[in-house]
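The values are calculated or read from the model by the stated rules, or taken from the named source; none is laboratory data. The shown structure was predicted, so the numbers you read here are calculated from the model rather than taken from an experiment. All Cβ positions, glycine included, derive from the backbone under ideal geometry; neighbour counts span all protein chains shown. Ligands, DNA and RNA are stripped out before the accessible areas are found, and what is left, the full protein with its side chains, is counted by its heavy atoms. Shrake-Rupley method; radii C 1.70, N 1.55, O 1.52, S 1.80 Å.
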Amino acid sequence: MRPLRIGLLGHGTVGGAFERLLSERAERVEQLTGRRPEIVGVLTRTGGDFAEILERSDLIVELIGGVDDALDYVRRALEADRDVVTANKQLLSRHGEELWQLARERERSLGFEAAVAGVVPVIRVLRESLAGTRIERIHGIVNGTTNFILSEMARTSCSYETALAEAQRLGYAESNPADDVGGADAAAKMAILARLAFDARVHIDDVRYEGIEQITAGDIAYARDFGLALKLIGTAERTRDGISVRVHPAFLYAGHPLASVGGSFNAVTVESEAITEITMSGPGAGGTQTASAVLGDVIAAVSAAGGARPMPAATAVPIIEDAVSAFYLHMEVADRPGVLAQIAQRLGEQGASIKSVIQRGLGENAQLVMVIHPLLESRLRTAIEAIGGLDFIRSQPRKIRVIDEEFE
């Protein structure tokens, strides 16, 4: 059979790794698909002509990154009846609906396994293995940079700044890590996972997110006292009135399957009444790992067993911003008689009850830390505003969500 002609867009860390991996695994690809792959053109920021590459190619692999140029290239490739594989999470979280619809209309494959969690096959599991399952909730550690930083803080009791510097030294964090540590990267990935899990239109702008820049060594120390682990967690879940998609730091109890995921690893937990819970984990970043996921999509697109299933059309579902959660609450207080009683009163007025509490220090420089049973975030915010006005509070109280589920 004629060779599988691949046009490669982008030749950075992942693009270069994909080219090497394709050469190493060419014989295996030929065994699986009946066609031997070859790269017939490479487009970079400074070289190559997309129109020429498209004309010579059977399949386009988009690894150039960014949004505007990538959207143009992927759109033109699908319109030209080419299969496409991309690792571009920002592209899909912003323009996925248009591209998936175009792929359906042209009856082409649009593979994107590498867009979320690197080599962890969560997208294929949701699209194929669990395609008939009603998913209720997904929790994910989907950013390796933040997971490394928080793991390093827990391991060495260092500050956030020190852990970030170590992540940059080791290549786990970019010189400008804003998208990672601020939560935007994870938000794009959770938008894609929510789209897959619920067949609902989810744009990145629908995802509420916050990062880890405000996490302190003290938060990590208190986590140990409570038997918790601190992670940046993405959540997508059904609610009574719609779906909620969010990214935020969260404490996990030791029995949660994501609590022990350390270093730069990613992991995703999928929950459903039919399956209870399954967890997938593995390296979430790195050129070789991402390239492996890209190659898997290439094989799926041209395999003799059939290409990837088209994405089903999405439905409009209300996006719910005010979610129920347990919370960790940290307060700097002056230790006086009646302090805890007044705080408990303000919490109780909003229907909040205290699960556990620890006090550190005495006099004017005490710290009060507690875990609150689940309630709507808006009600806790109201309680925090009231607590912040008390005369013994020395700084604005801080909250971090707590995921209180555990699985046997």
Q: Please work out how much length the chain gains when fully extended from Thr133 to Asp199, using 0.36 nm per residue of separation minus the C-alpha to C-alpha distance, in nm with one decimal.
A: 22.6 nm
Q) Relative to the compact globular guide of 2.2 N^0.38 Å, what is the alpha carbon radius of gyration of the stretch 276-408, as a ratio? A) 1.67
Q | Accessible area in the full protein assembly, largest first, 1.4 Å probe, for Phe18, Phe148 | A | Phe148, Phe18
Q) the stretch 22-36 to the stretch 200-222: how many Å between their Cα centroids? A) 41 Å
**Q.** Accessible area expressed per residue, the stretch 128-282, with surrounding protein chains retained (probe 1.4 Å, Å²)
**A.** 38 Å²
Q | Radius ratio Rg over Rh of the chain, counting only Cα atoms, Kirkwood formula for Rh | A | 1.03
(Q) Give me, ordered by chain and number, the residues 5 or more places off Asp335 or on other chains with an amide H under 5 Å from its own placed amide H. (A) Gly363, Glu364, Asn365, Ala366
Q | Coil-residue trypsin sites (Lys or Arg not before Pro) of the stretch 16-109, DSSP, other Cβ within 10 Å capped at 14 | A | Arg45
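Of the peptides 382-389, 267-274, how do they stack up when ordered by the mean number of other Cβ atoms within 10 Å, highest first?
267-274, 382-389
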Q | Thr46-Gln367 pseudo-label distance in nm [points 7 Å out on the Cα-to-Cβ vector] | A | 4.9 nm
Q | Cβ-Cβ FRET estimate between Arg398 and Glu79, R0 fixed at 51 Å, reported to 0.05 | A | 0.55
**Q.** Helix 160-169 axis, angle to the chain major axis (alpha carbon atoms, nearest 10°)
**A.** 20 degrees
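Can you give the accessible area per residue of the stretch 295-408, in Å², using a 1.4 Å probe?
So the stretch 295-408 comes to 49 Å² accessible per residue, rounded to a whole number.
Would you work out the relative contact order for the stretch 163-289, in percent, from Cα pairs under 8 angstrom that are 6 or more residues apart?
That works out to 18 percent.
Answer rounded, prolate or oblate for the stretch 1-151, using the Cα gyration tensor with square roots of eigenvalues a ≥ b ≥ c: rounded when a/c is under 1.5, else prolate when a/b is larger than b/c, else oblate.
Because its axes are fairly even, with a/c under 1.5, the stretch 1-151 counts as rounded.
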Q | Sites Thr156 and Val67, calculated FRET efficiency, Cβ-Cβ separation with R0 35 Å, nearest 0.05 | A | 0.40
Q | Euclidean distance between Cα centres, the stretch 297-372 to the stretch 99-143, Å | A | 26 Å
